[in-house]
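Step one of this worksheet: look at the structure below.
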Amino acid sequence: MLRPWAAHWITAVLLSRALAQYSSDQCSWRGSGLSHESHRRDVEQVYLRCSQGSLEWLYPTGAIIVNLRPNTDPPSGQMAGLHVCIKPHTYSKGSHVYLERAGDLSLLLAEKDQTQSTVHCFSLAEGALFVEAIPQTDISRKITAFQYELVPSQGPGAHMYPFLHPGLVTCKPCSDEEILMAVCTSDFAGSGIFRGVVSGTNDHSPVVVTLSRLFHQKSRVFSWGGARGRSWSGRVNVPAQCGVHLGRDEYLLTGSVHFGEAWLSCAPHYKDFLMLYTSAQKAGTNPCQTDTN
């Protein structure tokens with residue numbers, strides 16, 4: 001809902017004076033409201049062109065508009081498939097976060113909700129982030145801070161990330177094509193077993209896994225060691241409604257990494273994957289080569 005003064009702020013932003021007390025690169029921004037405390041109705045434009053990064057706004061006053069874009073232009077027609085996911089830090093306070101499009105504001109994250117550090121996602125086509133400082137006489141010890149990621153809503157395992165489509169997670173098996181592509185493009189891929197389920201949330205449960213093979217990984221979510229130092233170990237998040245089979249069965253484990261945590265996507269039995277991979281290799285249809293020995 002558009003506030004009476006919001007349209008004026010957004011229209012006037014191009015006339016706002018330049019601010020000096022901030023640091024920024026393509027991925028992250030850090031600024032201070034003290035640089036325009038005497039101009040409490042200033043709105044600053046922030047441009048970030050990266051797949052992931054962070055924002056930290058100290059002593060927030062006024063408002064900032066955060067424009068997010070990928071660091072490479074996606075193929076035509078795929079921009080609408082990109083989502084932005086933000087995760088506030090538990091100490092974040094002093095602002096409300098809205099979505100802004102064509103002067104209309106809709107609340108995404110109230111100040112009181114930020115201490116829960118819950119992930120919130122929205123389509124990039126829905127607009128920019130409008131971060132509005134809460135008027136107060138004492139702005140000391142107030143910091144608005146969150147991480148963000150640009151996440152595709154399509155591709156292997158995207159349907160299992162619960163924050164992209166709340167309440168619409170499906171646990172359907174991946175197709176043969178999705179499995180072969182997942183080995184190539186996922187943030188991690190390997191083979192192993194599910195050891196046990198750890199207490200989680202209503203959205204997901206962390207599952208302890210041991211990997212005998214690790215083809216590749218991002219962000220070191222799995223560590224070397226395990227039993228007799230011959231395996232990789234770690235945790236993968238699984239949507240609450242998608243069960244896993246604990247025990248000795250070996251699975252191909254693929255998935256994505258969001259905010260430093262692994263999320264499971266395609267996970268067929270490893271023996272079934274080997275048959276699929278061998279057949280595709282003979283037919284010359286493998287999207288990439290993987291050392292399965």
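The values are calculated or read from the model by the stated rules, or taken from the named source; none is laboratory data. Owing to the predicted nature of the structure, the values given are computational and were not obtained by experimental measurement. Cβ: placed from backbone, ideal geometry, glycine included. Neighbour counts: every protein chain shown.
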Notebook entry, point to check: Does Ser92 count as small (Gly, Ala, Ser), crowded, with 20+ Cβ neighbours inside 10 Å and outside any strand (DSSP E or B)?
Noted result: yes
Check: If you go through segment 177-197, how many residues are charged (D, E, K, R) and either part of a strand (DSSP E or B) or surrounded by fewer than 15 Cβ atoms within 10 Å (Cβ to Cβ) (or both)?
Finding: 2
Next item on the list: Report the residue count in segment 240-264 for those that are among the small types (Gly, Ala, Ser), touching a helix residue (DSSP H, G or I) at 6+ places or on another chain (Cβ under 9 Å) and either surrounded by fewer than 14 Cβ atoms within 10 Å (Cβ to Cβ) or over 15 Å from Val208 (Cα atoms) (or both).
Entry: 1
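Going through segment 119-173 one residue at a time, which ones are part of a strand (DSSP E or B) and among the β-branched types (Val, Ile, Thr)? Walk me through how you get there before you give the answer.
Filtering segment 119-173 down to residues part of a strand (DSSP E or B) leaves 120-123, 128-133, 143-152.
If the condition is that a residue be part of a strand (DSSP E or B) and among the β-branched types (Val, Ile, Thr), then Val131, Ile143, Thr144, Val151 are the ones that fit.
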Notebook entry, point to check: When Trp232 is evaluated against the numbered criteria (1) at pLDDT below 95; (2) under 20 Å from Pro156 (Cα atoms), which criterion, by number, is the only one it fails?
Noted result: (2)
